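Every read-out reported here was derived from the displayed coordinates using simple, explicitly stated rules and does not represent laboratory data. Remember, predicted model here, so these are calculated numbers, not experimental data. Backbone-built Cβ (ideal geometry, glycine too); neighbour counts: all protein chains shown.
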Amino acid sequence: MIRRSRLPLSELAFVWGGNILSKVMMFFATVYLANKLEVEGFGIFSTAFAITNYISLALFTGLDTLTTAESAKLSPASVWPYSKELFSVRRKLANLAVILTALIALYMGKGSRDSGFALILFGLGFIPLQFYSVNLFYGLEWSWPIAAYFVGGRVVYLALLFVLVKGSSNLMAAAGAFTAAIAIENIFLFLCLFLRYGKKADRSVPAPKIDFKPVLVLTVLSALILLHENAPQFLVFFIKGEEEAGLYASSFRLIYTAVTFANLGGFVFLARFSKESGEGTYKKSLLPAFVLGILFAAAGYFCADLVYSLLFSKSYEGGALVLRAGVFQMALVPLRVLAYQRVIAKGNAKSALWPLVLAVTASVGLSAYMTSVYGAVGAARGLVFGEAVVCALLLTLAGRTNS
């Protein structure tokens with residue numbers, strides 16, 4: 001029996017609805033933490049989070065992207081054998097991630113014990129990531145576990161924050177709450193997968209082999225893009241200190257939350273691109289994504305003072321200037337993400353490698369210079385300029401795949 005090849009609109013709405021609710025809850029978690037930890041504690045928390053998030057996405061995103069594309073082609077009988085092979089690969093990457101995190105934590109701990117310990121707690125979250133299977137479910141077009149993962153994980157995280165984090169002295173509890181939520185939501189995914197496919201699996205079906213060549217290319221591409229996104233947070237922390245890092249993080253998290261609303265179906269589009277030409281879907285997606293990004297950017301620019309006065313404590317005075325400096329990234333990121341998915345789906349990842357190296361080098365260089373001169377505001381401006389460079393490159397490459 002072959003699975004349907006198109007995700008019904010009702011199920012697609014279910015996935016998007018869960019994702020939207022997840023982003024809203026994560027937004028409230030961010031604001032809650034920012035106010036409870038105060039600007040310096042939030043700067044440490046956000047930098048430790050950014051480091052582990054970068055390691056995670058740099059190591060796993062290539063594999064995740066390939067998983068979505070490959071699992072879209074699986075028959076029901078081959079899902080569990082493929083899953084076991086996938087988890088084996090993810091286990092090796094998780095072990096590497098734990099080692100890298102520990103080494104960075106040792107370095108950061110020399111200057112700040114709190115940042116080192118927080119990073120170690122975040123790093124423990126890599127262990128359950130070996131069972132992460134959201135991208136597998138995207139490819140299988142199995143919607144309700146995706147929505148439950150997004151919503152349930154954030155409910156657990158918020159509950160732990162409200163119970164454990166009462167003030168600036170609870171930095172470690174905040175990091176531990178995030179790691180605990182990661183563990184719970186990934187165990188849930190594994191149980192869903194096992195009960196549907198593993199419990200009734202035909203053990204004689206061979207496991208489809210994962211081709212590591214495209215994984216390697218995708219991993220490098222992902223690492224480059226993520227370096228472009230996260231470098232300003234690292235630069236502000238190490239060049240200007242914890243307070244400036246907290247100001248930058250408060251602005252960046254607001255922008256990131258808004259951006260995700262314009263790109264909730266990224267991996268759904270990738271699965272669709274992998275089954276058909278996808279040219280029409282790609283072209284039709286660009287204008288709505290750009291318009292939505294512009295609207296968010298305009299709202300953020302004109303309402304920056306109001307947003308900070310409503311959401312953040314007085315310790316974040318000056319954050320509105322950082323938000324205004326970086327807000328136009330909202331208009332560019334959705335286009336960049338769609339273009340990237342288009343390039344990947346058409347098998348043109350390799351041709352994007354060296355041009356992207358140059359673009360990201362320019363982006364990080366801009367951010368470093370602007371940060372050294374203007375601090376958090378400069379970091380935000382540098383990221384916008386760098387985003388324009390990276391976005392223009394990927395749009396050009398995606399356009400070539402249409403010809």
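Report the Stokes-Einstein translational diffusion coefficient (µm² s⁻¹, integer) for the chain, Rh taken as the Kirkwood radius over Cα pairs, at 20 °C with viscosity 1.002 mPa s. Using the Kirkwood radius from Cα pairs, D works out to 99 µm²/s.
Listed values for the stretch 234-243 are Karplus-derived 3J(HN,Hα) couplings in whole Hz (6.51 cos²θ - 1.76 cosθ + 1.60, θ = phi - 60°), namely 5, 5, 4, 4, 7, 8, 10, x, 5, 5, and x replaces Gly and Pro. The Cβ shell under 15 Å around R113 holds other residues with a net charge of -2, Lys and Arg each +1, Asp and Glu each -1. Here the stretch 212-403 is treated with +1 on each Lys and Arg Cβ and -1 on each Asp and Glu Cβ, and its dipole about the Cα centre works out to around 780 debye.
Charge tally around L37: other residues with Cβ under 14 Å, Lys/Arg +1 each, Asp/Glu -1 each, net -2. Placing +1 on the Cβ of every Lys and Arg and -1 on the Cβ of every Asp and Glu, with no other charges, gives the chain a dipole of roughly 1200 debye about its Cα centre. Highest mean first, the peptides 227-235, 67-75 sorted by other C-beta atoms within 10 Å per residue fall in the order 227-235, 67-75. When you restrict to C-alpha pairs under 8 Å that are six or more residues apart and normalise by the size of the chain, the relative contact order lands at 22 percent. Across the stretch 358-371, coupling constants 3J(HN,Hα) worked out from phi with the 6.51/-1.76/1.60 Karplus curve, θ = phi - 60°, read 5, 5, 5, 4, 5, 5, 5, x, 4, 5, 4, 5, 5, 5 Hz, and Gly and Pro carry x. Rg and Dmax over the alpha-carbon atoms of the stretch 147-233 stand at 18.8, 55 Å. Look at the dipole of the chain built from charges on Cβ: of G246, S169, P76, the Cα furthest out on the positive end belongs to P76. Considering only F49, S88, I184, and ranking their Cα positions along the charge dipole of the stretch 1-210 that arises from unit charges at the beta-carbon of Lys, Arg, Asp and Glu, the one farthest toward the positive end is S88. Classified by the C-alpha gyration tensor, the stretch 281-400 has an oblate form. Its axis ratio a/c, with a ≥ b ≥ c, is 1.5 or above, and a/b does not exceed b/c. Among the trypsin sites (Lys or Arg not before Pro) found in the stretch 86-187, those both in a DSSP coil and sparsely packed, with 12 or fewer other Cβ atoms within 10 Å of their Cβ, are K166. This model, with +1 at the C-beta of Lys and Arg and -1 at the C-beta of Asp and Glu, gives the stretch 55-173 a dipole about its Cα centre of some 300 debye. Between the listed residues G125, G318, G198, the Cα displaced farthest toward the positive end of the dipole of the chain, a dipole computed from Cβ unit charges relative to the Cα centre, is found at G198. Phi angles of the stretch 320-325 translate, via the Karplus equation with coefficients 6.51, -1.76, 1.60 and θ = phi - 60°, into HN-Hα couplings of 4, 5, 5, 4, 4, 5 Hz per residue; Gly and Pro are given as x.
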